[in-house]
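Trainee: Below you'll find the structure I mean.
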Amino acid sequence: MKRVRAGVWSVLFVVFLVLLLFALSYFVIRFTWHRMPFATFSMEGSNQGHVIVKENDFYIDGVKIQFKGVGIMPPILLENKGVDFSSYIAEIRRWGANTIRVPVYPVIYYLWENISPWEDVDKAIVEAKKNGLMVILDFHSVGYPPEETYHTEPTGEQTENIFYYKNEWLFEFWEEASLRYRGENTVIAYELFNEVKWPENDNYEIGWLRWKAFVE
């Protein structure tokens, strides 16, 4: 009887350890992902999906390419103005572009409309693929994330300011994007933050080093 009890307690102890390890792994991933280094291009021939970088040149399937890009408006803003998004992207292709920069203005999705940005981003990627275009995905704000400040022109009101953001939104967006598009070769680059504008009391070297440490 004692042996049976000892065996039961041994099994329960093993189960407890497995559950404990699972719980610890979950919390480590959940609360430290935003401190992990971001993937970057290596200038020594790294392969980013179908794009290969060698020194200062880019290649697709061994053919050297030049990015000819157009920065687009978010689909939600275009459609609110009555613009057909499919025709809009097709026209960009007819101009001779091979790349579009898709901006995600966080204030539009998280504050003004209170909707997910992914429907818009997915739509842009689908239309880009249909037209043979590559995509640069851009978190479009102006400010200084190490201090969570934002550019206040033309108004200081956050509910009216197109550049308003929160670091919470920044982290959430790139966590989801990195998983959502990790196998999507149409997305060739991530622009982590549109325009970094450090405080006036920081010189360029200090401002850059603080920003570098933040994103790493």
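Trainee: Pull out all pairs, ordered by first then second residue, where Cβ-Cβ is under 8 Å, the residues are six or more apart or on different chains, the first lies in region 94-105 and is within 11 Å of Asp120 (Cα to Cα) and in contact (Cβ under 8 Å) with a residue 24 or more places away in the chain, and the second is in a strand (DSSP E or B) and not charged (D, E, K, R).
Mentor: That search, which allows pairs on different chains as well, returns Val102/Val135; Val102/Ile136; Val102/Leu137; Pro103/Gly71; Val104/Leu137; Val104/Phe139.
Trainee: Out of all the residues in region 131-147, which are outside any strand (DSSP E or B) and either surrounded by 20 or more Cβ atoms within 10 Å (Cβ to Cβ) or charged (D, E, K, R) (or both)?
Mentor: Leu133, His140, Ser141, Pro145, Glu147 - these are the residues of region 131-147 that are outside any strand (DSSP E or B) and either surrounded by 20 or more Cβ atoms within 10 Å (Cβ to Cβ) or charged (D, E, K, R) (or both).
Trainee: Name every residue in region 152-193 that is modelled with pLDDT under 80 and surrounded by fewer than 18 Cβ atoms within 10 Å (Cβ to Cβ), in order of residue number. Working first, answer last.
Mentor: Pass one, region 152-193, residues modelled with pLDDT under 80: 152-161.
Within region 152-193, Thr152, Glu153, Pro154, Thr155, Gly156, Glu157, Gln158, Thr159, Glu160 qualify.
Trainee: Hey, could you check region 194-213 for residues that are surrounded by 17 or more Cβ atoms within 10 Å (Cβ to Cβ) and of a type in the set (Phe, Trp, Tyr) and say which is modelled with the highest pLDDT?
Mentor: My answer is Trp211.
Trainee: Can you tell which of Ile115, Ile92, Ile108 is under 19 Å from Asn161 (Cα atoms) and either of a type in the set (Asp, Glu) or in a helix (DSSP H, G or I) (or both)?
Mentor: Among Ile115, Ile92, Ile108, only Ile108 is under 19 Å from Asn161 (Cα atoms) and either of a type in the set (Asp, Glu) or in a helix (DSSP H, G or I) (or both).
Trainee: Can you find, within region 50-92, the residue that is nearest to Ala124 (Cα to Cα) among those that are of a type in the set (Ser, Thr, Tyr) and at pLDDT 90 or above?
Mentor: Ser86
Trainee: Another question about this same structure. Would it be correct to say that Val102 is modelled with pLDDT of 90 or more, out of contact with any His (no Cβ under 6 Å at 6 or more places or on another chain), assigned to a strand (DSSP E or B) and crowded, with 21+ Cβ neighbours inside 10 Å?
Mentor: On the way: modelled with pLDDT of 90 or more: yes; out of contact with any His (no Cβ under 6 Å at 6 or more places or on another chain): yes; assigned to a strand (DSSP E or B): yes; crowded, with 21+ Cβ neighbours inside 10 Å: yes.
Yes.
Trainee: Condition (residue is part of a helix (DSSP H, G or I), surrounded by fewer than 17 Cβ atoms within 10 Å (Cβ to Cβ) and either outside the structural domain of Ala189 (by TED's automatic domain parsing) or touching a helix residue (DSSP H, G or I) at 6+ places or on another chain (Cβ under 9 Å) (or both)) applied to region 63-77: is it met by at least one residue?
Mentor: Within region 63-77, one or more residues are part of a helix (DSSP H, G or I), surrounded by fewer than 17 Cβ atoms within 10 Å (Cβ to Cβ) and either outside the structural domain of Ala189 (by TED's automatic domain parsing) or touching a helix residue (DSSP H, G or I) at 6+ places or on another chain (Cβ under 9 Å) (or both).
The values are calculated or read from the model by the stated rules, or taken from the named source; none is laboratory data. Model, not experiment: these values are computed from the prediction. Counting neighbours? That spans all protein chains shown, and the Cβs are built from the backbone with ideal geometry, glycine included.
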